[in-house]
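> Input: one structure, supplied below.
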Amino acid sequence: MSKGKNLLLCLGTLMLSLLLTLSLSGCEADNEYNMNYQCYFTFDTQLHNTTLLRNALNPMAPGIYALVSSAPVNGVRTVHIELNDGKNTEDIAITTARENYTTWVLGTNNAIIVGYSSLGNGLYAFDRQCPNCISDYNLYKYPLSWNNNGQWVQCGKCHRKYDLNNNGFIVEGDKGSKLVRYRANYDGTMLSVFN
């Protein structure tokens, strides 16, 4: 074989390897987020002056997480926010027509957990339901509760503990799946959590 053909063959092999690596890393990134359970939530923090949610959405204050859920209160659509200290809560009435016409699906148990990782991993949005109890028992009635000063969450059924700062991996308990994670974006005004 001539040197020119060898060079072309090497370049072709190199390009194929590069394309394969890029496509595989793209698949891994897509698999990071759960597509089995629906989640769609948008919230305008400029329209609703919510100190608690803004604390959790501040990249300069990582490790602060907020539990976000929604339910009617006295016939008014309301967003409930609870900080990971387990003490501070806030209820925000949703009164604008635009927001009331938006359909929200907050994961498997009508609640998500959002906040910035203290390990520098960016903004996280997790489902509040234990993923292992869903798959093992088909149970949706065991929402996760705060643990370890709000840096972990724990399941009341299987007692697994998950690290919110480290991608939702199990830190105590039986082996299993990490927390269900959704895509999250916050531009300083609008929070969007989706899959």
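> Taking amide H positions as placed 1.01 Å from N in the peptide plane, with prolines and chain starts having none, which residues 5 or more places from Ala125, or on another chain, fall under 5 Å of its amide H?
Tyr182
> Please list the three semi-axes, largest first and in whole Å, of the ellipsoid equivalent to region 37-136, using sqrt of 5 times the eigenvalues of its alpha carbon gyration tensor.
Those come to 22, 19, 12 Å.
> Got a sec to turn the phi values of region 115-132 into Karplus ³J(HN,Hα) couplings, 6.51 cos²θ - 1.76 cosθ + 1.60 with θ = phi - 60°, whole Hz, x for Gly and Pro?
Coupling constants for region 115-132: x, 8, 5, 6, 9, x, 8, x, 7, 10, 9, 10, 6, 8, 9, 5, x, 6 Hz.
> Could you give the length gained on full extension between Glu32 and Ala97, defined as 0.36 nm per residue of separation minus the Cα-Cα distance, in nm?
Full extension of this stretch gives 20.0 nm more.
> Here's another thing I want to ask about it. Can you tell me which of 126-138, 82-94 comes out highest on packing, and rank the rest after it, using the mean Cβ neighbours within 10 Å?
Descending packing order for the listed peptides: 126-138, 82-94.
> Same structure again: Over region 58-195, with a single point scatterer placed on each C-alpha, what log10 of the ratio I(q)/I(0) does the Debye formula yield at q = 0.11, 0.20 1/Å?
-0.39, -1.25
> Continuing with the same structure: In nm, what is the difference between 0.36 nm times the number of residues separating Asn167 and Ala61 and their Cα-Cα distance?
Between Asn167 and Ala61, full extension yields 36.4 nm more.
> So what's the Cα pair-distance distribution over region 133-195, bin width 5 Å, in %?
Each 5 Å bin holds this share of Cα pairs: 4, 16, 23, 22, 17, 11, 5, 2.
> While we're looking at this one, here's another question. Once the Cα atoms of region 85-133 are picked out, what are the Rg and Dmax in Å?
Rg then Dmax for region 85-133, in Å: 14.1, 39.
Each value in this text was obtained by applying a stated rule to the coordinates, not by laboratory testing. Quick caveat: nothing in here was measured; it's all calculated off a predicted structure. Glycine also receives a Cβ, built like all others from the backbone with ideal geometry; neighbour counts cover every protein chain displayed.
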